[in-house]
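Here is the structure we will look at.
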Amino acid sequence: MNQRIESRLHAFFLAAGLWFVVLQAFGDEAIAVFAGSERLAGNLTSTGSDSLNSLMQAWSLLFMQQHPELNVQIHASGSATAAVALTESTANLGPMSRPMTQTERQRFEKMHGYPPLEIPVALETLAVYVHRTNPLNVINMNELETLFSAEPQCQPAGRITRWAELGVASPLGQRRISLYGRNSASGTYGFLKQQLLCHGDFKPEVHELPGAAAVIQAVALAENGIGIAGTRHQSAAVKALQLQQQDQQPMTLQRTLYIYLNAHPVIGLGAAELAFMRLVLSETGQQLVEQHGFEAIPPEIRAGLLQHLSGTVHVD
Amino acid sequence: MWTRKSRDCISRVAVTLVGYSVLLAFALIFIFLLWQVWPLFQPAKISVQSLESASVTMVDSYSVQSTNGHTATHPLMLDNGLDERVQLQADGYFQWYLRVGDDWQLQMQGHLGLASWQAATMLSGSRTLLVADKNAQVYSWFRLHQELIVRPRITLRQMELQALIPVSADSFFSLHPGQLDWYHVTTGKHLAELQLPDTPLQQLQLSEDRQLMRLHWGPDHSQAYQLQWQHPAVAGGQLWSAVHYEGRREAAYVWQTAAAADDSNPRLSLIPLTSGTLKAAGYAMLFATPLAILAAVFTAFYLPERWRYRTRATMEMLESMPTVILGFIAAFLLAPWLEQQLMLFFVLLVLVPTVLVLCSALWFHWRQRQQQQAEQPGAVLVLSLVAGILTAFMLAPALEHAWFDDSLLLWLAGQGIDYQQRNALIIGMAMGLAVIPSIFSLTEEVVSQVPASLTQGVLALGASRWQTLSSMVLPVAAPGILAAVLLGLGRALGETMILIMATGNTPLLGFDPFEGMRTLTASLALEMPEAAVGSSHLKVLLLAALLLLVLTFLINTLVSLLRQRIRQRYLQL
């Protein structure tokens with residue numbers, strides 16, 4: 001009885017070994033065809049941002065083509081989950097549409113003893129939209145802050161509630177301005193709270209919609225509407241206003257999207273993570289960024305980041 | 001082996017087990033929520049920490065002088081550790097600076113309006129200046145541009161005050177001889193206290209995360225303490241009362257959370273969300289209750305058996321309609337249409353029922369004059385409905401022109417009533433539609449189950465159908481109809497998808513029909529995925545979930561009780 005089991009086990013191991021050899025041969029071939037870089041195997045898990053999800057998918061697709069033995073899993077469950085997953089070491093990559101907060105950093109440091117590695121991977125431009133029939137073309141930051149904030153913090157200002165106060169003629173001028181923005185869980189909301197409102201509060205009247213596309217759709221349907229959203233979902237039904245500073249200099253509202261990593265100060269990044277980040281910051285990786293409606297990180301900054309990334313890797 | 005008896009026994013055990021496990025699961029959810037929410041209401045505590053584990057580095061340290069630290073010639077310089085600085089003279093004259101780049105720019109100066117003061121400090125990482133006067137009152141100010149805004153005063157212990165020490169962006173210690181008190185600034189609540197030895201304290205140190213404190217009475221006499229205060233703002237009563245937050249001009253009920261911004265001072269008032277939930281449910285019930293009850297009574301009492309069955313089936317189908325679809329239609333079709341055709345909507349609302357009633361009355365008189373029996377006027381009803389709608393379409397623009405200068409919206413705006421596209425009327429209609437089937441089904445059931453012997457008896461006595469209905473059927477079925485309405489209310493309170501899509505999620509107070517709202521359910525769905533683990537925000541959301549659970553549980557219990565009662569009543573009759 002025992003002998004039989006033993007012989008079966010032997011046969012099993014033999015078969016498994018053979019299979020492994022075959023796999024390896026084919027795997028090597030595949031890598032030679034696709035990239036010719038070092039062999040990487042195993043799993044990469046990414047947990048985090050919704051808005052970066054499509055981009056992460058595209059990057060990981062490209063990455064898995066280059067490294068067929070590597071499997072990349074992507075969970076898009078919101079930026080806040082990235083910090084938690086990285087802290088608990090349940091993810092290797094933490095895409096976030098906003099910088100980590102102080103509390104999240106502290107939690108990570110408490111767990112690991114060193115801060116997380118922050119790599120900007122794309123930029124997103126936010127634009128201010130109005131209905132296509134709206135005669136307004138230009139708005140300045142002070143007016144925008146006054147419109148959206150419960151109590152303006154950056155600049156002292158009066159109140160703006162009607163379109164006439166922005167210089168729009170009747171009949172639209174008589175109507176109240178309907179405000180549209182993203183919901184409070186989004187990175188956009190947090191970014192605007194910091195950059196536009198100087199950490200002040202939003203008015204409770206601001207409609208909080210669950211997506212950038214929803215904001216644009218809502219503004220497209222409301223003649224008295226004004227909304228702030230990413231330029232990715234822009235359509236012909238809305239008009240983007242030109243943004244100006246106080247001194248009439250044109251300006252843009254641009255936020256940075258990040259991937260956070262767990263890089264040990266001595267051991268450095270894992271080889272797979274490093275290869276992935278190199279791909280993300282490569283020319284092809286940044287072309288994908290632009291295809292998805294975001295803006296690429298400027299090349300000079302990328303070069304610095306790549307150097308920084310290599311620096312975090314310890315060579316045995 | 002498998003006798004009838006054993007099979008019976010086994011099946012009974014299995015069924016009982018499954019039944020109990022479902023009940024247990026429900027109880028577990030309840031207990032889980034309670035357990036999660038419990039820490040919110042735990043008071044802050046200062047407890048002695050054993051020295052060995054107190055190896056955390058202390059970043060902030062405050063020396064305590066035995067006498068007051070200021071004189072007229074040496075003004076006190078206070079600093080929030082970031083970008084604001086206040087220079088305070090002994091007579092209450094202040095100069096407020098802001099850091100711009102590397103320079104400190106004078107923003108404003110003036111007099112605090114206090115003749116003298118004992119101690120002052122600036123909260124670290126915030127913009128609030130705290131000054132204690134001789135009568136143990138702590139005043140708190142913050143600068144809004146060129147203006148000082150006062151927040152509510154805090155009254156300290158009537159003892160000699162040695163120092164005010166900032167703990168966090170929102171709390172401070174007041175140090176007295178032999179006594180340390182801990183206050184929360186925004187809510188003004190006393191958080192905790194600590195008895196100190198009589199030896200004069202020399203130094204107080206705080207760790208960066210403000211979880212640890214070390215007190216020094218001399219070079220070799222020190223003690224570490226643990227500060228426990230996960231949710232001071234909530235414990236301070238922020239949930240249900242108006243709070244004057246830094247940066248605002250007055251106290252308000254505010255719900256505003258941002259996962260992205262560090263919220264040392266979250267705005268977590270449940271009042272706007274609760275009022276939003278009640279408002280949404282209220283308007284939905286206002287729309288759904290009369291329609292559903294009338295439709296149910298009609299189906300049960302006037303329709304022939306064949307049609308009754310079909311209507312019931314259709315209603316059941318409506319009930320299973322995904323609410324996402326209703327939400328989508330409400331947000332992207334109904335809301336823009338209503339904004340364009342507001343006048344038409346109101347004219348339809350008034351005209352259609354009026355025309356219907358008028359036409360049936362006319363029809364009835366005409367038949368009576370001809371000495372004929374007035375039958376079911378189906379065709380007349382349809383015709384008058386069409387006539388009503390057509391008249392409304394023709395009349396609306398004319399009326400709008402005559403009464404409201406061509407635009408009801410602009411006229412309303414002129415009256416100070418601002419119409420928002422996503423408002424309570426839209427929610428009333430969309431969610432009302434979702435609620436109608438539940439009210440309809442139960443009402444129809446109780447009305448049609450009124451014992452036939454009763455109705456036929458009343459009819460045989462010569463009562464008309466209306467008399468039978470109003471004086472017999474409805475009173476008998478009343479508890480059942482009430483149960484149906486409550487069931488609908490429970491459904492409306494728990495509804496989420498329509499609200500997320502069509503309300504605009506604006507946390508406003510009040511019951512304005514032309515404004516939107518933000519409900520508890522929508523907040524849960526929108527904010528839960530991004531709320532940081534262990535934060536007050538997440539716990540308050542779970543509290544909202546608990547509230548909803550308790551509310552729906554109560555309503556459903558009431559419904560069951562009412563149904564039971566009506567079943568007994570029918571048996572007795």
Every residue from the stretch B:518-530 that is within 10 Å of another protein chain (Cβ to nearest Cβ) and either free of Cβ contacts under 8 Å to residues at least 24 places away in the same chain or not basic (Lys, Arg) (or both) | B:ALA522, B:SER523, B:ALA525, B:LEU526, B:GLU527, B:MET528, B:PRO529, B:GLU530
(1) modelled with pLDDT of 90 or more; (2) in contact with a Gly (Cβ under 9 Å, 6 or more places away or on another chain): which one isn't true of B:THR186, the others all being true?
-> (1)
Under 29 Å from the mean Cα position of the chain (by Cα), in contact (Cβ under 8 Å) with a residue 60 or more places away in the chain and not in a helix (DSSP H, G or I) - does that describe any residue in the stretch B:399-418?
-> yes
Going by the structure shown, is B:PRO437 away from chain A (no Cβ under 14 Å) and surrounded by 21 or more Cβ atoms within 10 Å (Cβ to Cβ)?
-> yes
Kindly indicate which of B:SER168, B:SER207 is surrounded by fewer than 22 Cβ atoms within 10 Å (Cβ to Cβ), more than 21 Å from B:LEU40 (Cα to Cα) and either among the hydroxyl-bearing types (Ser, Thr, Tyr) or not assigned by TED's automatic domain parsing to the domain that holds B:GLN137 (or both).
-> B:SER207
So which strands (runs of 3 or more DSSP E) stay within the stretch B:91-152 end to end and still have 2 or more residues that are assigned by TED's automatic domain parsing to the domain that holds B:LEU76, surrounded by fewer than 20 Cβ atoms within 10 Å (Cβ to Cβ) and under 38 Å from the mean Cα position of the chain (by Cα)?
-> B:137-144
Can you tell me which residues in the stretch B:226-254 are more than 14 Å from chain A (Cβ to nearest Cβ), surrounded by fewer than 19 Cβ atoms within 10 Å (Cβ to Cβ) and over 20 Å from the mean Cα position of the chain (by Cα)?
-> B:GLN226, B:GLN228
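Let's see how each residue does on (1) touching a helix residue (DSSP H, G or I) at 6+ places or on another chain (Cβ under 6 Å); (2) exposed (fewer than 12 other Cβ atoms within 10 Å of the Cβ); (3) touching a residue at least 40 places away in the same chain (Cβ under 8 Å):
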residue	(1), (2), (3)
B:ALA296	yes, no, yes
B:PRO304	no, yes, no
B:ARG308	yes, no, yes
B:ALA313	no, yes, no
B:GLU319	yes, no, yes
B:GLU339	no, no, yes
B:LEU342	yes, no, yes
Out of A:PHE191, A:PHE202, which single residue is under 17 Å from the mean Cα position of the chain (by Cα), of a type in the set (A, V, I, L, M, F, W, C), over 20 Å from B:TYR419 (Cβ atoms) and facing chain B (nearest Cβ under 7 Å)?
-> A:PHE191
Within the stretch A:165-183, of all residues that are part of a strand (DSSP E or B) and of a type outside the set (Lys, Arg), the one nearest to B:THR257 (Cα to Cα) is A:GLY181
Unique residue being surrounded by fewer than 22 Cβ atoms within 10 Å (Cβ to Cβ), in a helix (DSSP H, G or I) and at pLDDT 90 or above when the list is A:LEU23, A:LEU61 | A:LEU61
Among the residues of the stretch A:170-184, write down those that are facing chain B (nearest Cβ under 7 Å), touching a residue at least 24 places away in the same chain (Cβ under 8 Å) and touching a Ser or Thr at 6+ places or on another chain (Cβ under 8 Å).
-> A:ARG176, A:SER184
Can you confirm whether the stretch A:95-105 contains a residue that is of a type in the set (Val, Ile, Thr), in a helix (DSSP H, G or I) and either at negative phi or at the interface with chain B (Cβ under 10 Å from one of its Cβ atoms) (or both)?
-> yes
Here are B:ALA292, B:ALA281: which of them is over 21 Å from B:SER523 (Cβ atoms), at pLDDT 95 or above and out of contact with any Asp or Glu (no Cβ under 6 Å at 6 or more places or on another chain)?
-> B:ALA292
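The values are calculated or read from the model by the stated rules, or taken from the named source; none is laboratory data. Remember, it's a predicted structure, so these values are computed and weren't measured experimentally. All Cβ positions, glycine included, derive from the backbone under ideal geometry; neighbour counts span all protein chains shown.
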